[in-house]
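As structure tokens, the structure follows; a few thoughts come after it.
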Amino acid sequence: MKADRIAEPWGDRTPYRRHGDWPSRVDAHLAEGVEPGAVQKWVAAASLLHSGGDAMDIAVVDGRMAGVRGRAADRVSRGRLGPKDLFGWQANASPDRLTRPLVRRDGHLVETDWDTAMELVTARTRELLAERGPGSVGFYTSGQLFLEEYYTLAVLARAGIGTNHLDGNTRLCTATAAEALKESFGCDGQPGSFDDLDHADVIALFGHNMAETQTVQWTRVLDRLAGGDPPRLLCVDPRPTQVARHATVHLAPRVGTNVALMDALLHETIRHDRVDHDFVEAHTVGFEELSERVASCTPEWAADICDVPAARISEAAELVGTADALLSTVLQGFYQAHQATAAAVQVNNLHLIRGMLGRPGAGVLQMNGQPSAENTRECGADGDLPGFRNWQNDAHVADLARVWNVEPSTIPHFAPPTHAMQMFRYAEQGSIGMLWISGTNPAVSLPELARIRALLAQERLFTVVQDLFLTETARLADVVLPAATWGEKTGTITNADRTVHLCDKAVEPPGEARPDLDIFLDFARRMDFRDKDGGPLIGWREPEEAFEAWKRCSAGRPCDYTGMTYDRLRGAGGIQWPCTEANPRGTERLYTDGITWAHPDDCESYGKDLETGAAVDPVEYRSLNPDGKAVLKAAAYVEPHEMPDERYPFQLSTGRTLYHFHTRTKTGRVAQLDEAAPEVWVEACAADAARLGLGEGDLVRVATPRGALEARLRVTDIRPGLLFVPFHYGYWDTKEGDGPDRGGPGRAANETTITDWDPASKQPLFKTAAAALTLVAHADGRYAPAPTTTASAPSAPGSVPATAGGRQAYATQDSGPGGTS
């Protein structure tokens, strides 16, 4: 059976009952004219354009990628693929891939050879180390590389250079997930499993538009809803998402008020004594303080703050409070706000006081956005030390020094590892003289873009960019290194529920492009990094050797990989860590037998003050939690830092759409995906549009104190007073290439966003800016270029042409026994 998977992103239903097995359905798409029999080999991989980790095989014909298919045996997807999985691979063959290194000469980037480019990088590194020390060098990486590459980068940065400045763009998407887990459980590590979707009777999605961010898992929910004993859904989202359309209770709170809403849900849970007192007594500390904090947080109190009827909050509280098996998922609607960690921690609190952990259907999924975001956290490339080690614990630092055979003093641990927002501030102020950016595009993705472009363009800052394309960021660099990508190199990816997949190399990279691992190893060799005995600091040369080295680093830690090998991963449908020789099948759920990594001697973090971000002292933590239980951490609601006023009467939220990933560097080069959402747009509700005399397709201007953009208006059922703009759109496919036309309107959402962050996770705020909306020109028969299949659907059904992909978007769906794989 074939289907247009742009028009039908989730494909056909395969209904199943609660506690049943999710039936397999193998999705596949091959290039025009390629029949399955013509495929010469299938090479195993996993999805690269979201955090779901859907296993797939890459079709290879005559040394080129020719399509993909899902794998029926995969524990994550049972063979399904989403639109970005089915079509995204075509970006690899784009004619504008970088194929040779570039260096800046007389103000222009010109081609050169690898030796010249790398010698420039190493020479500048040595100069800075000699003149100003390790703190003058910073690394900003991605959530799209492989585990082996992050680990190598962490070793060379922390023990080779000795800098504390290493972070990922995962700061923008997953930092709050990690911080919330550390605050509650003492350590990172996803408690739940995607399999919990099969068993839950209530699924609560807090700021998580699963339908557009993890399309395959939303397919799983749709299949449960179509089967017997379906789950009831709670959706907390200000937009009319597909999740909201299927929800039993949909709450659309004013943005920035999530803590007030969560405190009211906790209030109701405690008031009705829906508390598992035995669990609370055995496994938590802090219940009395939490109870006191939320005692006055009635639904009526929260209703005034959140602008949601108190009766609906009570309905939501009853839904989560009476569930037999509650699964909660959390994402950017909670993470990209001024009280991000405080709100996400309250979700953890809800599960802890209800005892909803460690059994089928009862779990928390603090979600990730990018495919290997989890790996940045594990490997110490996202602001922490590798293996979830605690920078404040000298024994942990000594243990890491033993693994790397260096002195503990070599590893900077005088302060928390520097987060990305602070690194860019250091670069702006001049204390960081070299910034190496790999696999990410901050000139579109960071807040307040005029500031970011200015700081990246400083002559005193030496910028190295490692990427597939000449991105907006690469255009501002001093050295550009052409990188290989998924399908062109080998390595592992760990998804949002701790499942590890191996991605094998299928084809050669274009021109002289190299795997990121090879580039990092080349730099380490040229810098001649040594351990304390004079041997090479980094002794591996191949991906599998790097994986084996990582296993030694992870041994005995929560993210233990020691039971995995490349061969075992090739034969399995994904394995969840921890996985040891004694437990070779991996671990489906954490905390099945109590809280295991919160003890003061073991924990990754002693926690932070949720209002100020100040680190908790080790002595204070040991006093609070001597036995290593989960911490119930209360939080009071605080008003957003920037509120609407007479000049800027709206709130502005940015976010993603189903068909694009990050800054469109890949999806914007794929016809099926780009044509589904070809240009930026603005969403407002019908009442606000009518009040301003605006209608569908009008060209409007969105302005904040930082900047402005112009786009066409889509009138939707979004909550009144809120505007939404997708963040994907930059300038690489415009005449200017790296920013707005001179004096012209901006296109990127982040022209308008604020430089501010959550105090605990340091995740930037993309959801709570104050903004103005004004007319530029009426539509004159044009429509907003927004999909109709998603949260961007028009308020008046059928009023605009439906989104469809046509013949080029046809994919097969085989629901037969075992599919076709």
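The values are calculated or read from the model by the stated rules, or taken from the named source; none is laboratory data. From a predicted model like this one, the values you see are computed outputs, not experimental measurements. Here the Cβ is made from the backbone with ideal geometry for all residues, glycine too, and neighbour counts use every protein chain on show. Please note that ligands, DNA and RNA were not included when accessible areas were found on the heavy atoms of the full protein model with its side chains. Shrake-Rupley method; radii C 1.70, N 1.55, O 1.52, S 1.80 Å.
In Å, what Kirkwood hydrodynamic radius results for the stretch 173-223 from the alpha-carbon pair distances?
12.5 Å
What does the C-alpha gyration tensor say about the overall shape of the stretch 697-821? Classify as rounded when a/c is under 1.5, otherwise prolate if a/b is larger than b/c, or oblate.
Cα axes put the stretch 697-821 in the prolate bin.
Using only Cα atoms, locate the centre of the stretch 647-685 and the centre of the stretch 762-821, then give the distance between them in Å, rounded to an integer.
Each part reduced to its Cα centre gives a spacing of 8 Å.
If packing is taken as the mean number of other Cβ atoms within 10 Å per residue, what is the order of 665-673, 716-724, 48-56, 651-659, highest first?
For the peptides 665-673, 716-724, 48-56, 651-659, the packing ranking is 48-56, 651-659, 665-673, 716-724.
Sort the stretch 365-439 into rounded, prolate or oblate with this rule: let a ≥ b ≥ c be the square roots of the eigenvalues of the Cα gyration tensor; rounded if a/c is under 1.5, and if a/c is not under 1.5, prolate when a/b is larger than b/c, oblate otherwise.
oblate
Just to make sure I understand: if all protein chains stay in place, what is the order of R354, R541 by accessible area at 1.4 Å, largest first?
Order by accessible area, largest first: R541, R354.
Anything over 32 Å Cα to Cα? Flag those among K532/K608; K633/K767; K41/K551; K182/K767; K608/K666; K505/K629, in the order listed.
In this structure, K532/K608; K608/K666; K505/K629 lie more than 32 Å apart at Cα.
Roll a 1.4 Å probe over the protein chains and send me the accessible area per residue for the chain in Å².
32 Å²
So, by mean Cβ neighbours within 10 angstrom, what's the order for 90-97, 596-603 with the highest one leading?
Averaged packing, sorted descending, gives the order 596-603, 90-97.
Which peptide among 71-81, 189-199, 559-569 comes first, and what is the full order, when sorted by highest mean count of other Cβ atoms within 10 Å?
Result, highest mean Cβ count within 10 Å first: 71-81, 189-199, 559-569.
Ignoring ligands, DNA and RNA, what percent of the 1.4 Å accessible area of the chain is carbon and sulfur?
48 percent
What does the charge dipole of the stretch 187-288 about its Cα centre add up to, to the nearest 20 debye, if the Cβ of each Lys and Arg holds +1 and the Cβ of each Asp and Glu holds -1?
640 debye
Under unit Cβ charges (Lys, Arg +1; Asp, Glu -1), what dipole magnitude, rounded to 20 debye, does the chain have relative to its Cα centre?
1200 debye
In Å, what Rg and Dmax follow from the Cα atoms of the stretch 660-721?
13.8, 39
Need the C-alpha centroid separation for the stretch 394-435 versus the stretch 436-484, integer Å.
After rounding, the separation between the Cα centres reads 22 Å.
DSSP beta bridges in the chain, what fraction antiparallel, as a percent rounded to 5?
50 percent
Could you let me know the centre-to-centre spacing of the stretch 310-326 and the stretch 11-65, using Cα atoms, in angstrom?
Between the Cα centres of the stretch 310-326 and the stretch 11-65 lies a distance of 38 Å.
Which length gain, in nm to one decimal place, applies between F414 and R460 when the Cα-Cα distance is subtracted from 0.36 nm times their residue separation?
Taking F414 through R460 to full extension adds about 13.9 nm, to one decimal.
³J(HN,Hα) across the stretch 258-264 via Karplus (A = 6.51, B = -1.76, C = 1.60, θ = phi - 60°), whole Hz, x for Gly/Pro?
5, 5, 4, 5, 5, 4, 5
Going through the stretch 569-634, which GluC sites (Glu not before Pro) have at most 14 other Cβ atoms within 10 Å and a DSSP loop state?
E581, E611
Can you tell me the Rg and Dmax of the stretch 299-457, counting just the alpha carbons, in angstroms?
Computed over the Cα atoms of the stretch 299-457, radius of gyration and Dmax are 20.8, 60 Å.
Specify whether the C-alpha gyration tensor of the stretch 39-95 places it in the rounded, prolate or oblate class, a ≥ b ≥ c being the square roots of the eigenvalues: rounded for a/c under 1.5, otherwise prolate if a/b is larger than b/c and oblate if not.
Oblate shape, in that a/c is at least 1.5 and b/c is the bigger or equal ratio.
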